[in-house]
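Below: one structure, written as structure tokens.
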Amino acid sequence: MPKFVTVAMVDEIPPGTGKTVEVHGVWIALFNVAGSFYAVDSTCPHAGGPLGEGSLNGEVVECPWHGWKFNVCTGRRPDNPDFTVACCPIRVDGNQVKVALPDGFT
């Protein structure tokens, strides 16, 4: 079972925004979509851009480097679902947002 780590407080990430957090040495992009939280690998597979610094439009984040877009709920690229970013388990415990790395995530 993955170990959950507190990475943020709910009020630190308002709806429609994101934040980059570190979990066991790995950078994760954490997003608030209409009050629900999602976490994906922060590294864009196109050229390594920081997805956590991208703009969020609904469920889709746009990489600030070259504009690649990913659905933060599924990790899939809307224009080409063959390209994905890994999703991480997340839970909210009170005011704490917790993330776990999936098995084999590096």
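The values are calculated or read from the model by the stated rules, or taken from the named source; none is laboratory data. From a predicted model like this one, the values you see are computed outputs, not experimental measurements. Positions of Cβ are backbone-derived with ideal geometry, glycine not excepted, and every protein chain shown enters the neighbour counts. Calculation scope for accessible area: heavy atoms of the full protein, side chains included, ligands and nucleic acids excluded. Shrake-Rupley method; radii C 1.70, N 1.55, O 1.52, S 1.80 Å.
Numerical summary
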quantity: Failed condition for residue 23, given (1) touching a Gly at 6+ places or on another chain (Cβ under 8 Å); (2) open to solvent by less than 80 Å² (accessible area, probe 1.4 Å); (3) in contact (Cβ under 8 Å) with a residue 24 or more places away in the chain; calculated: (1)
quantity: Odd one out for residue 102 among (1) assigned to a loop (DSSP other than H, G, I, E, B); (2) loosely packed, with under 15 Cβ neighbours inside 10 Å; (3) free of Cβ contacts under 8 Å to residues at least 60 places away in the same chain; calculated: (3)
quantity: Residues of region 47-56 satisfying the condition of being out of contact with any Gly (no Cβ under 6 Å at 6 or more places or on another chain) and either open to solvent by less than 60 Å² (accessible area, probe 1.4 Å) or touching a residue at least 24 places away in the same chain (Cβ under 8 Å) (or both); calculated: 47, 48, 49, 50, 51, 53, 54
quantity: Matching residues, region 31-41, being open to solvent by less than 10 Å² (accessible area, probe 1.4 Å) and closer than 13 Å to residue 85 by Cα; calculated: 39, 40
quantity: Residues located in region 63-75, provided they are surrounded by fewer than 19 Cβ atoms within 10 Å (Cβ to Cβ) and either under 18 Å from residue 22 (Cα atoms) or within 12 Å of the chain's Cα centre (by Cα) (or both); calculated: 73, 74, 75
quantity: Number of the exception - residue 10 against (1) within 12 Å of the chain's Cα centre (by Cα); (2) β-branched (Val, Ile, Thr); (3) open to solvent by 10 Å² or more (accessible area, probe 1.4 Å); calculated: (1)
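Yes or no, residue by residue, for (1) closer than 17 Å to residue 2 by Cα; (2) at pLDDT below 95; (3) among the aliphatic types (A, V, I, L, M):
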site	(1), (2), (3)
31	no, no, no
43	no, yes, no
63	no, no, no
76	no, no, no
82	no, yes, no
93	yes, no, no
100	yes, yes, yes
